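Novice: The structure under discussion is supplied below as structure tokens; questions concerning it will follow.
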Amino acid sequence: MNAEKFIGNLKKELADLVSDFRVVTTEHGISNRKAYRVWADTSAENFKNVVKKLFKIQPYPHFSVSSGFDAGSTIEILLHFALNYAKPHNLVLFTLRVKLPKENPKMETITDLIPGALIAEKEKREFLGIEIEGLPAGHMFLDESLAGVFPWRRDEKGANKIAKNLHKGEPIEKE
Amino acid sequence: MKKNRVQIPIGPIHPALKEPIQIEVELKGEHVENVSITLGHVHRGIEWIGLRRNPVQTLALAERVCGICNIVHPLAFCTAIENAANIKVPERAEYLRVIYAELERIHSHLLFLGVAAHELGFDSILHYTWLVREKVLDVIEYLTGNRITKAILMIGGVRRDITEKQMPKVREALEYYEKVYKKLCDVFLDDPTINARTRDIGVLTKKQALQLCAVGPTARASGIKKDIRQDFPYAAYADLDVEAITPDVLLNEIRGDTFDRVVVRVLEIKQSLELIDRCLKEMPDGPILYEPMLQRLLVQLRQVAGEGVALVEAPRGELIHYIRMEKSEAPLAWKIRAPTYANLSSIVPMLEGCELADVPIVVASIDPCIACANRAIIADKNAVLDQEKLHALSVNKTRALLKGGSK
Amino acid sequence: MIELLYLAASSFLLICVALFIALVFNGIERKLIARMQARIGPPIIQPFIDIKKLFMKENIVPDSAIPWLFNSMPAVALASSLIVLLYIPFAGMPALLQNYGDLILVLYVLLLPSLALAIGAFASGSSFAGIGAQREVVLMMSYEFVLSVVAISLAWLFSLCCPQANAFAFSTITSKPAWLLVGGAGFLGLILLFISSLAVMPAKAGKLPADIGEAKTEIAEGVLVEYSGRNLALLYMAQAVRVLAFASLIVALFLPWNLSSLIAIPEQLSMLADFLFFLVKVFMVMFASSIFVSAVTARLKVDQAARFYIIVVFLLSLLGLLLIGIDILM
């Protein structure tokens, strides 16, 4: 299936679940071949259904990673999927945006659908303080002593200073 | 812990895995029963730092994400910014990017082959592969001025062109590797001890690879024809029609074991040689930078409001950078996902049913790259070489290479 | 009494010379392997430098160790590997203690260094060392069969040709090269026995492809992981001497010729010539069985190595025994 047709299917399939469905193309090389990037927004309630829908048009959707950042009043989580892969020049890079409220950032795990999402979800939990329902406990990146500090937050919970010379026993400032 | 179980920590300090990662293996006799992975021993907060600098400064940072993949990280970073800012890169620059990226792939795969041999205790091959790797490093130094941190990519293009005068040296290196390639095939594909240690060890089935979102040679060795260079047009790969290499090309079967992962990388060296050769021949003339004036570029980037995402095939697999610009000096968000991050979860099914002796080679077979940095002080007879002297020596060597001297 | 003193003095001298030779050979081996791997390699006196350094270093005993066992085993390992040399014909001369022990004793004493290494590793309380020790013991059990078959075959051969003497004694075995006592089938059998003894060398010496107990990239030097300072120096020397002892044993069993008996050499030089010729023979054996092999192989897993020794090498040696038997009985 070529990318254009795939994007058509994707749009049809996700019509009631996402908003702001955008297709961005860039051209590369002498042949000006197009690379397709698709962006879409969804809500915290709907996002798991979107992921489930992806399975309909792409067996084993490839979950690349989820990005996340503190956008002031909300925390934005972006799930990057590589769809329609293993077909020359027709990959569709699909990015699904979920906006979570700052006070109570909470989302469901997708590791039951895509086991490969485990590390990314743990990272979001440790770095942004997002509660992920159904994800096993345990730290993967940050030391337990840093619990309560979420380095990527831009508010009082974030890290405002990089600790240097930890080996000399300088205390880590929690700000 | 049950009585007949032994817990063995592999890493963060272990002669097999000189990488800041801890793999805790629970053993029953020699058999692996349980595996758990801990990361973050050297979390340097690169993304955090990057959010406090302008994109051109951050480019230097992106290059230092990894000591080996320091073309593909800036490449992904630049592509993401170009995507956000709608910058069209000149065609010649796109070809140059491919050449640098493929040279890096050769160097990275040779490095891997050496490491794999070392994990098996086969140090003669370690020294051989790392000896032949010097040639590609020399070419990289000759073209970019640096062995490792190449500082060659720029937002909107590349910093340095490959001139007609430089071509013969690159061609000579390609010919050298054509010869070496045959020997590498001999060594890795036919050696009985390597076979005994890697065949049917650390199997990752196609289904597991798909579920765990494995990328790069790890996924291809399990029979998934995923290769970003083939799937997703970026740089000049849009013109090159790369084909994803799976082990059945050579062996007529796919087992998804450690041997397959080695085979894929050996074959990809050949593929990279062909790609470089094609690029050298087909490279169009033209500018190599979208905007040579740095100040003007920075002003333009400061106006950008938008987001970009880039997929790049690093030597270890799919690399993704996401960037969000919000009309300010520094980006609002930057996310790097290196291929090892995606491949790490594949280690667990691979290690199931293995023996302790298999753990290092199986872990090494995904070619884990947990970034590392080095400072060398070499005692040369009586004189200790400090940073200044080392720097002077390396500058001299680069000049010698540029002049055309052999060493 | 004087005889005893003379024996003690010459034993001491022999031990010193053997230790020196073992370390020089170790240095040459490291240099050769480095050259085969396109490296420059350390100077030949590097083992001496290493040992000097190790003796200056602190000797650390882990908290979890049993100190007396942990500390005594390196000395046992070195002592037992040195003592073996007193029973084996060394440097073209008959063995110093040839009247006090025979081939069977030598095989047993040659086991002691590996055993001491394993016991010391178990006593260290480290899990890496524990796994290394297990592997060492498994390996030991698999190659000892081969050596017993070799010993039995040779003893059988010599018991027929010299019925009045002790067939296991080195004085008997070295009296005539075994090759001259047999016909075609027996000659082939002896070749097989020779090959199987050479194949045991890597395991005895702890070299690739059978350095499984140490396995640097798997269990971080395994049996040696907790040893440091003086203890490590002793183990290092024990390792080097053990290689020399085993190589001398192979030379004594299969290559007993002396240079002075082959070509005419002035009387006063014959001892020196025999000595040098012996060193050449030992080095050839070491090169063929350990140095060259370790440069061209990967490390085997313990089950693969055990299978190799129990099935391939053991069957090879049995075949050798059978051929010799055919030769004798026909």
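Novice: Scan the range B:150-192 for residues that are exposed (fewer than 15 other Cβ atoms within 10 Å of the Cβ) and polar (S, T, N, Q) and report the count.
Specialist: Counting residues in the range B:150-192 that are exposed (fewer than 15 other Cβ atoms within 10 Å of the Cβ) and polar (S, T, N, Q) gives 1.
Novice: Separate question: Could you list, in sequence order, the residues of the range B:280-321 that are in a loop (DSSP other than H, G, I, E, B) and either closer than 24 Å to A:THR95 by Cβ or not hydrophobic (A, V, I, L, M, F, W, C) (or both)?
Specialist: B:PRO284, B:ASP285, B:GLY286, B:PRO287, B:TYR290, B:GLU291, B:PRO292, B:GLN303, B:VAL304, B:PRO315, B:ARG316
Novice: A follow-up question, please. Give the range B:70-86 a look and list any residue that's under 16 Å from the mean Cα position of the chain (by Cα) and part of a loop (DSSP other than H, G, I, E, B), or say none.
Specialist: We begin by selecting, within the range B:70-86, every residue under 16 Å from the mean Cα position of the chain (by Cα); these are B:70-77.
Across the range B:70-86, the qualifying residues are B:ASN70, B:ILE71.
Novice: Within the range C:226-251, how many residues turn out to be β-branched (Val, Ile, Thr) and under 20 Å from C:GLY132 (Cβ atoms)?
Specialist: Within the range C:226-251, the subset β-branched (Val, Ile, Thr) is C:241, C:243, C:250-251.
Filter once more, keeping what is under 20 Å from C:GLY132 (Cβ atoms): C:243.
So the count comes out to 1.
Novice: I'd like the full set of residues that are among the aliphatic types (A, V, I, L, M), in a loop (DSSP other than H, G, I, E, B) and more than 10 Å from chain B (Cβ to nearest Cβ), limited to the range A:107-124.
Specialist: From the range A:107-124, those among the aliphatic types (A, V, I, L, M) are A:107, A:110, A:113-114, A:117-120; that's our starting set.
Add one more test, that the residue is in a loop (DSSP other than H, G, I, E, B), and what stays is A:110, A:113-114.
A:ILE110 - this is the single residue of the range A:107-124 that is among the aliphatic types (A, V, I, L, M), in a loop (DSSP other than H, G, I, E, B) and more than 10 Å from chain B (Cβ to nearest Cβ).
Novice: Considering B:PRO55, B:PRO74, which residue is under 22 Å from B:GLN295 (Cα atoms), in contact with a strand residue (DSSP E or B) (Cβ under 6 Å, 6 or more places away or on another chain) and away from every other protein chain (no Cβ under 14 Å)?
Specialist: On the way: B:PRO55 fails: in contact with a strand residue (DSSP E or B) (Cβ under 6 Å, 6 or more places away or on another chain).
Unique residue meeting the criteria: B:PRO74.
Novice: Take the range C:162-179 and flag every residue that is in a helix (DSSP H, G or I), at pLDDT below 75 and surrounded by fewer than 17 Cβ atoms within 10 Å (Cβ to Cβ).
Specialist: Selection gives C:SER171 alone.
Novice: I need the full set of residues from the range C:216-256 which are over 19 Å from C:ALA123 (Cα atoms) and at pLDDT below 75, in order please.
Specialist: C:LYS216, C:THR217, C:GLU218
Novice: Go through (1) within 7 Å of chain B (Cβ to nearest Cβ); (2) crowded, with 23+ Cβ neighbours inside 10 Å for A:HIS89 and report which single condition fails.
Specialist: (2) is the only condition that A:HIS89 fails.
Novice: Among the candidates B:GLY121, B:GLY114, B:GLY67, single out the residue that is buried (at least 24 other Cβ atoms within 10 Å of the Cβ) and either within 20 Å of B:PRO315 (Cβ to Cβ) or more than 14 Å from the chain's Cα centre (by Cα) (or both). Before you say what the answer is, go through the steps one by one.
Specialist: Numbers: B:GLY114 fails: buried (at least 24 other Cβ atoms within 10 Å of the Cβ); B:GLY67 fails: buried (at least 24 other Cβ atoms within 10 Å of the Cβ).
Of B:GLY121, B:GLY114, B:GLY67, the one residue that is buried (at least 24 other Cβ atoms within 10 Å of the Cβ) and either within 20 Å of B:PRO315 (Cβ to Cβ) or more than 14 Å from the chain's Cα centre (by Cα) (or both) is B:GLY121.
Novice: Working only within the range A:68-82, note down all residues that are more than 18 Å from B:MET325 (Cβ to Cβ), surrounded by 21 or more Cβ atoms within 10 Å (Cβ to Cβ) and either out of contact with any helix residue (DSSP H, G or I) (no Cβ under 8 Å at 6 or more places or on another chain) or more than 8 Å from chain B (Cβ to nearest Cβ) (or both).
Specialist: A:ILE75, A:ILE77, A:LEU79, A:PHE81, listed by residue number.
Novice: What residue, among those in the range C:65-84 that are under 14 Å from C:LEU19 (Cα atoms) and polar (S, T, N, Q), is surrounded by the fewest Cβ atoms within 10 Å (Cβ to Cβ)?
Specialist: C:SER80
Novice: Now for a different question. Of (1) modelled with pLDDT of 85 or more; (2) outside any helix (DSSP H, G or I), B:ILE140 satisfies all except one. Which?
Specialist: The single condition B:ILE140 does not satisfy is (2).
Novice: Now for a separate question. Just the residues that are under 15 Å from A:PRO115 (Cβ atoms) and either at pLDDT below 85 or among the hydroxyl-bearing types (Ser, Thr, Tyr) (or both), please, taken from the range B:183-217.
Specialist: Narrowing the range B:183-217 to residues under 15 Å from A:PRO115 (Cβ atoms): B:204-215.
Within the range B:183-217, just B:THR205 meets the criteria.
Novice: So if I check each of B:VAL98, B:VAL56, B:VAL89, which one is part of a loop (DSSP other than H, G, I, E, B) and over 30 Å from C:LEU139 (Cα atoms)? Before the answer, list the steps.
Specialist: Values: B:VAL98 fails: part of a loop (DSSP other than H, G, I, E, B); B:VAL56 fails: part of a loop (DSSP other than H, G, I, E, B).
Going through B:VAL98, B:VAL56, B:VAL89 in turn, just one is part of a loop (DSSP other than H, G, I, E, B) and over 30 Å from C:LEU139 (Cα atoms): B:VAL89.
Novice: What about C:GLY125, is it surrounded by fewer than 24 Cβ atoms within 10 Å (Cβ to Cβ) and at positive phi?
Specialist: Numbers: surrounded by fewer than 24 Cβ atoms within 10 Å (Cβ to Cβ): yes; at positive phi: yes.
Criteria met by C:GLY125.
Novice: Right, another one. When you go through A:ILE132, A:ILE119 one by one, which is the residue that is in contact with a helix residue (DSSP H, G or I) (Cβ under 7 Å, 6 or more places away or on another chain), under 24 Å from A:GLY158 (Cα atoms), modelled with pLDDT under 85 and buried (at least 16 other Cβ atoms within 10 Å of the Cβ)?
Specialist: On the way: A:ILE132 fails: modelled with pLDDT under 85.
Result: A:ILE119 is the single residue among A:ILE132, A:ILE119 that is in contact with a helix residue (DSSP H, G or I) (Cβ under 7 Å, 6 or more places away or on another chain), under 24 Å from A:GLY158 (Cα atoms), modelled with pLDDT under 85 and buried (at least 16 other Cβ atoms within 10 Å of the Cβ).
Novice: Can you tell me which of C:ALA178, C:ALA185, C:ALA220, C:ALA245 is closer than 30 Å to B:ILE194 by Cβ and touching a residue at least 12 places away in the same chain (Cβ under 8 Å)? Reasoning before the result, please.
Specialist: On the way: C:ALA178 fails: closer than 30 Å to B:ILE194 by Cβ; C:ALA185 fails: closer than 30 Å to B:ILE194 by Cβ; C:ALA245 fails: closer than 30 Å to B:ILE194 by Cβ.
None of the others qualify; the one that does is C:ALA220.
Novice: On to the next question. Quick one: which of C:PRO62, C:PRO43, C:PRO47 is part of a loop (DSSP other than H, G, I, E, B), surrounded by 16 or more Cβ atoms within 10 Å (Cβ to Cβ) and at negative phi?
Specialist: Details: C:PRO43 fails: surrounded by 16 or more Cβ atoms within 10 Å (Cβ to Cβ); C:PRO47 fails: part of a loop (DSSP other than H, G, I, E, B).
The unique qualifying residue is C:PRO62.
Novice: Of the residues B:LEU311, B:LEU332, only one is aliphatic (A, V, I, L, M), closer than 25 Å to B:ILE49 by Cβ and under 25 Å from the mean Cα position of the chain (by Cα); which? Steps first, please.
Specialist: Working: B:LEU332 fails: under 25 Å from the mean Cα position of the chain (by Cα).
Exactly one of B:LEU311, B:LEU332 is aliphatic (A, V, I, L, M), closer than 25 Å to B:ILE49 by Cβ and under 25 Å from the mean Cα position of the chain (by Cα), namely B:LEU311.
Novice: OK, next. Please go through (1) touching a Phe, Trp or Tyr at 6+ places or on another chain (Cβ under 7 Å); (2) closer than 30 Å to C:LEU259 by Cα; (3) part of a helix (DSSP H, G or I) for C:ALA95 and return the number of the only condition it doesn't satisfy.
Specialist: Here C:ALA95 clears every test but (3).
The values are calculated or read from the model by the stated rules, or taken from the named source; none is laboratory data. From a predicted model like this one, the values you see are computed outputs, not experimental measurements. For neighbour counting, all protein chains shown are included, and Cβ atoms are generated from backbone atoms with ideal geometry for every residue, glycine included.
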